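The values are calculated or read from the model by the stated rules, or taken from the named source; none is laboratory data. Computed from a prediction, not measured in an experiment: that's the story for all the values here. Note: ideal-geometry Cβ built from the backbone for every residue, glycine included; neighbour counts use all protein chains shown. Quick note on the areas: whole protein, heavy atoms, side chains included, nothing else; ligands and nucleic acids left out. Shrake-Rupley method; radii C 1.70, N 1.55, O 1.52, S 1.80 Å.
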Amino acid sequence: MGRLRSFYDSKNAESAFRPTATKTETNKHEMFCGICGEKLFVDEVLFAKISNAIEEGLDNPLLCEDCEESYEESARSQ
């Protein structure tokens, strides 16, 4: 059974808006994980949202994949 193109496009679209470990054409802005400090690159929209949150005195909401997984695992175990 074949899969719909939307299935593949949704996976690509989801990963297109995620932080990356390396600078890409879209992810040009350097930021750091709010927990471990790993360097990540984000797009302009995410950069603006995170910068605004930090300026308002909130904690840095950006998480690398490892910290995000750890956070989700600890939330499930509680």
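Return the residues of the range 30-50 that are assigned to a helix (DSSP H, G or I), among the β-branched types (Val, Ile, Thr) and surrounded by fewer than 18 Cβ atoms within 10 Å (Cβ to Cβ); say none if nothing qualifies. Please lay out each step first, then the result.
Residues of the range 30-50 assigned to a helix (DSSP H, G or I): 44-50.
From what's left, among the β-branched types (Val, Ile, Thr): 45, 50.
Within the range 30-50, 45 is the sole residue that qualifies.
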Name the single residue, out of those in the range 60-78 being among the acidic types (Asp, Glu) and under 21 Å from residue 17 (Cβ atoms), that is least open to solvent (accessible area, probe 1.4 Å).
-> 68
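Does the range 16-25 hold any residues that are of a type in the set (Val, Ile, Thr) and surrounded by 14 or more Cβ atoms within 10 Å (Cβ to Cβ), and which are they? Lay out the reasoning, then the answer.
From the range 16-25, those of a type in the set (Val, Ile, Thr) are 20, 22, 24; that's our starting set.
The answer is 20, and nothing else.
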Scan of the range 22-78 for residues that are in contact (Cβ under 8 Å) with a residue 24 or more places away in the chain and touching a helix residue (DSSP H, G or I) at 6+ places or on another chain (Cβ under 9 Å), ordered by number | 31, 33, 34, 35, 36, 38, 43, 59, 60, 61, 62, 63
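Hey, can you tell me all the residues within the range 1-29 that are part of a loop (DSSP other than H, G, I, E, B), among the basic types (Lys, Arg) and either modelled with pLDDT under 95 or under 17 Å from residue 65 (Cα atoms) (or both)? Show your work before the answer.
First, pick out the residues of the range 1-29 that are part of a loop (DSSP other than H, G, I, E, B): 1-4, 17-19, 21-28.
Among the residues that remain, those that are also among the basic types (Lys, Arg) are: 3, 18, 23, 28.
Once the filter is applied, which keeps residues that are part of a loop (DSSP other than H, G, I, E, B), among the basic types (Lys, Arg) and either modelled with pLDDT under 95 or under 17 Å from residue 65 (Cα atoms) (or both), the range 1-29 yields 3, 18, 23.
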